[in-house]
1. Fully extended, how many nm does the chain gain between ASP31 and TRP148 (0.36 nm per residue separation, minus their Cα-Cα distance)?
2. Given a 1.4 Å probe and the protein chains all in place, what does the accessible area of VAL93 round to, in Å² to the nearest 10?
3. Which whole-angstrom value gives the distance between the alpha carbon centres of region 81-101 and region 124-174?
4. Which one of HIS94, GLY54, LEU83 has its Cα pushed farthest toward the positive end of the charge dipole of region 34-151, where Lys and Arg give +1 and Asp and Glu give -1 at the Cβ?
5. About its Cα centre, how strong a charge dipole does the chain have in debye, to the nearest 20, once Lys and Arg get +1 and Asp and Glu get -1 at the Cβ?
6. Work out the FRET efficiency for HIS94 and TRP261 from their Cβ-Cβ distance, taking R0 = 35 Å, and round it to the nearest 0.05.
7. Taking all protein chains as present, what is the carbon and sulfur share of the accessible area of the chain, in % to the nearest whole number, probe 1.4 Å?
8. Please report, in debye to the nearest 20, how large the charge dipole of region 244-288 is about its Cα centre when each Lys and Arg carries +1 at its beta carbon and each Asp and Glu carries -1 there.
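The values are calculated or read from the model by the stated rules, or taken from the named source; none is laboratory data. These numbers come from a predicted model, not from an experiment. FYI the Cβ positions are ideal-geometry reconstructions off the backbone, even for glycines, and counts take in every protein chain you see. Remember, those area values only see protein heavy atoms, side chains included, never the ligands or the DNA or RNA. Shrake-Rupley method; radii C 1.70, N 1.55, O 1.52, S 1.80 Å.
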Amino acid sequence: MVTRIGHKSSETVLEYLCRRFSYHNETEWLDRIASGRVKVNGLQPSGGQPLRAGDELAYTTEPWDEPEVKKDYRIVYEDEVLLVISKPAPLPVHAIGVYFQNTLMHILRAERPEAENYELVHRIDSETSGLLLIAKDKKVMPYLTHQWASGQVKKTYQAIVFGKFQPSPRRVEKPIGTLKGGAIRMRAGIDPVKGKPSISDFVCLETKGNFSLVEAKPLTGRTHQIRVHLESEGHSIVGDKLYSGNDETFLRFVAEGWSGWLAQKVLLPRMALHATRLEFTHPVKSNRMVLEDPLPADLNSFWNGLK
């Protein structure tokens with residue numbers, strides 16, 4: 001992990017680490033500093049060393065085994081230029097964080113040598129299952145990416161959320177931006193000032209007790225858009241550790257992994273979000289493609305078990 005101090009800071013190395021990465025306490029960070037695993041501008045600092053704008057802070061993590069993933073992807077459609085996969089969860093689509101080999105693209109390339117030339121047309125989160133479009137021929141990528149950028153692609157998701165969702169269709173128009181200054185760098189949120197326009201349509205398909213099965217159609221393509229909009233409406237997705245109302249859930253997941261505490265908090269070890277329908281124009285044949293993927297067995301089982 002490498003981070004650059006981008007502004008004038010009055011914090012010491014220890015203060016910054018404890019604030020920014022609060023899943024380790026002060027004693028644990030002091031041990032890591034003393035062991036030489038923390039560097040500032042390439043040199044070993046003391047915990048009390050002040051940080052300055054432009055300093056580069058690096059932390060060497062301990063060796064790890066990549067977390068287990070589900071690898072049982074299913075081919076929904078394939079021709080000479082396209083591959084559409086039903087991706088299981090959890091499974092990252094490409095190398096990210098601690099995942100290098102346990103990713104969909106690495107698995108494909110191990111099975112198909114020609115997959116070295118495949119390109120992801122879009123992405124879905126590791127813990128989101130469902131339809132994913134891959135270009136087998138790079139020549140069709142400009143046409144496909146234009147469709148995504150111009151709003152010609154229609155995507156439909158299903159989510160199991162906490163709470164009773166309103167019965168009438170709802171459009172959420174709330175600007176989304178990256179939240180600054182929080183403990184989690186990747187977290188997005190509603191930002192009326194600097195956020196980008198974001199629109200999602202929601203329909204409640206069914207309610208059981210204090211849970212709802214919701215259909216979601218993102219009309220814009222912001223990062224984590226469905227998750228952020230649902231959280232902002234008071235309906236976090238079951239299993240979503242990042243957008244569960246506060247930072248503690250995700251920070252404890254990073255520090256401790258899946259636990260009984262998390263099971264009580266979010267109920268499922270994966271997010272109950274599934275990309276169930278994808279509609280786009282074929283880049284060669286020019287016909288309109290409509291592909292569907294039903295809710296997977298694990299989410300079906302959870303929903304059917306609710307009363």
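1. Extra length from ASP31 to TRP148 when fully extended: 37.3 nm.
2. 10 Å²
3. The two parts, judged by their Cα centres, are 16 Å apart.
4. Farthest towards the positive pole: GLY54.
5. With Lys and Arg at +1 and Asp and Glu at -1, about 860 debye.
6. According to the calculation, E is roughly 0.70.
7. Carbon plus sulfur share of accessible area: 51 percent.
8. On the way: 6 positive and 4 negative charges, 74 e Å.
Rounded to the nearest 20 debye, it is 360 debye.
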